[in-house]
Ligand SMILES: Cc1ncc(COP(=O)(O)O)c(C=O)c1O
């Protein structure tokens, strides 16, 4: 009997990645400049035929990562991009029709996976002024809730939580036996982290990625940090040899190169300062406390700007509809200054 899961049939997905190589890509929060070329070449020099022919050796890298995070390997599971880890957590820690709660707007894959597996994703909206009242999160934390998804900082809103707010939420989650997933994809742009709750407590996962500040989105590598029993469950979900040898090599080199990390963050900060100064001088409202992205309220139609940026300027950016006071707005990834100069000159040309 032929069978296709109707949930998968109905699922809406976007597959446009292959058409993007000739564009300045400011739509997916990648680093447009990438890692320094000599650094890339030096890592590639160490690639032998055996590294390519054999299944990847994950133990060594997991130990390097554990050391970097001052933990041990029982608290970590490597994944093929943090999107994979998020999927496994949703699959393993919620049931069919199970209640998942999360703020919106946010990273869309939480809703996609919930739909894929027939989970009930309950949206917690932002206020009109784009702030998040954590009482709205707490009031959705019912006894039936199986998973709470938070982001620190949130994409695309760029908002963050104080320690007091996070601890209040966590206390409630523990009272109600709700597992918590904190997505820290943008951690290195914003150093405050809640990973200690995943490494020292129970029923909290933190997912992280090498795709963002570490500029390795093309390699695909992320990790899930959590309590050992929880991590074991995530490991069981993984496909065999789910990470690749190139990603592990690059990630080890980045982790062991504080000077590369400093260079990446300095380039980013310079680009961010330039962009924000320009937006302020030109009277644009913007929002984005943390993360390598920013919301901009345009003067003219947001979708038309996105379309013209693509067709006339070869620049990809994103639009988000009905975002509180901002209405239909633009979300732009922040990269080093030369890319921000290209973006603002295109915006000045189009948005009038
Ligand atoms: C908030 C958030 N989480 C997770 C991801 C997934 O990243 P990756 O699968 O490359 O690790 C993204 C990607 O843009 C993101 O914005």
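Laboratory data are not the source of any read-out in this text; all were calculated from the coordinates shown. Remember, predicted model here, so these are calculated numbers, not experimental data. Reconstructed Cβ throughout: ideal geometry from the backbone, glycine too, with neighbour counts over all protein chains shown.
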> In nm, what is the difference between 0.36 nm times the number of residues separating residue 281 and residue 307 and their Cα-Cα distance?
Replying inline: 6.9 nm
> For segment 1-60 and segment 176-196, what is the separation of their Cα centres, given in Å?
Replying inline: 23 Å
> Can you list the residues of segment 205-247 with backbone N under 18 Å from a point 7 Å past the Cα of residue 53, pointing along Cα to Cβ?
Replying inline: 245-246
> Of 213, 69, 181, which is the most mobile in a GNM of the chain whose springs link Cα atoms less than 10 angstrom apart?
Replying inline: 69
> Between residue 325 and residue 42, what is the spin-label point distance in nm, taking each point 7 Å from the Cα along the Cα→C-beta axis?
Replying inline: 4.7 nm
> Using helices alone, what [θ] at 222 nm do you get for the chain, with -39,500 (n - 2.57) per DSSP H run of 4 or more residues, divided over all residues and rounded to the nearest 500?
Replying inline: -12500 deg cm²/dmol
>> Using a Gaussian network model on the chain with a 10 Å cutoff between Cα atoms, which of 215, 106, 311 fluctuates the most?
In response: 311
> Among 89, 296, 265, which comes first, then next, by fewest other beta-carbon atoms within 10 Å?
Replying inline: 265, 296, 89
> By count of other Cβ within 10 Å, fewest leading, how are 44, 148 ordered?
Replying inline: 44, 148
> More than 39 Å apart: what percent of Cα pairs in the chain qualify?
Replying inline: 15 percent
> Say each of residue 338 and residue 163 gets a label point 7 Å from the Cα, pointing the same way as Cα to Cβ; how far apart are those two points in nm?
Replying inline: 4.2 nm
>> Quick check on the exposure proxy: order 310, 21 from fewest to most C-beta atoms within 10 angstrom.
In response: 21, 310
> Label points 7 Å out from Cα along the Cβ direction at residue 15 and residue 289: separation in nm?
Replying inline: 3.9 nm
> Remind me, relative contact order of the chain in percent, using alpha carbon pairs under 8 angstrom and six or more residues apart?
Replying inline: 22 percent
>> With a 10 Å cut-off between alpha carbons and a GNM built on the chain, which of 318, 297, 236 moves the most?
In response: 236
